[in-house]
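Encoded as C-alpha cells, the structure appears first; notes follow it.
The values are calculated or read from the model by the stated rules, or taken from the named source; none is laboratory data. All figures in this text were calculated on a predicted structure; none of them were measured in a lab. Reconstructed Cβ throughout: ideal geometry from the backbone, glycine too, with neighbour counts over all protein chains shown.
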Amino acid sequence: MSKKYLGLALAISAASAAQAGNVTTSGEDLVIDTDSGIKVKVSDNSASFQLGGRIQWDYDATQSDDNGVDTTDFDVRRARLYAKGHFGDWAYKTQFNVAESDGADGCTAEDLYIRYMGFGSAATVTIGKQKEPFGLEELTSSKDISALERSAMTERYAPGRSGGI
C-alpha cells in the first residue's frame, strides 16, 4: 500500500516541477527543467543536480518449423536510475541498473564516482567506478547506439566499467 502512495507522491512532484519553470528564492535563482529527468541548477551554473532514468525493453518471437514450438520472450535489458550534478569544481554521478543483469538478481552499480575539474583543460581527476575510455563505441551510451548490443570486438576487448583513478 505504501508503494502506491510513493508512486503518487513522485507523480505529483514531477507534475508540479513541470509547471514550476523558474523558481526565485531568497538567495540564488534556481532553474528547474523537466525535459529529460528532473534538473535543478543555480542560474549562474555554479551548482546543479539531476535525477533521471531509462528503461530499455527487448521482445523476441520465434517460429520454429522443426519442432512446431513457437517461443516468445519479453525482457527488460536495462532499467537504470541515476543522480548526477556538480558543485564548483567537483562533479559526481551515481547510476544503478535495477534490472536483472547477466543473470544476477538485484541492483548493480554502473557508475559511482566523484570528479575534480579544477585544473582547467589540463586534466580532470575521477575516483570511483566509471567507464574506461576505450574507443568511441564503448564510450557511447547504450541509449544512443542503434543496435541492441555493441560489436563483438568491443564486447570482448573493451574493459567496460571498473573502479580506480
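Structure summary
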quantity: One residue from Gly7, Gly68, Gly21 being outside the structural domain of Gly118 (by TED's automatic domain parsing), out of contact with any His (no Cβ under 9 Å at 6 or more places or on another chain), more than 25 Å from Phe96 (Cα to Cα) and modelled with pLDDT under 85; calculated: Gly21
quantity: Any pair with Cβ under 8 angstrom, 6 or more apart, that starts in the stretch 142-154 at a residue that is over 19 Å from Phe74 (Cα atoms) and in the same structural domain as Gln95 (by TED's automatic domain parsing) and ends at one that is small (Gly, Ala, Ser) and modelled with pLDDT of 80 or more; calculated: Arg150/Ala158; Thr154/Gly135
quantity: Every residue from the stretch 53-91 that is among the small types (Gly, Ala, Ser) and under 25 Å from Leu148 (Cβ atoms); calculated: Gly53, Ala61, Ser64, Ala79
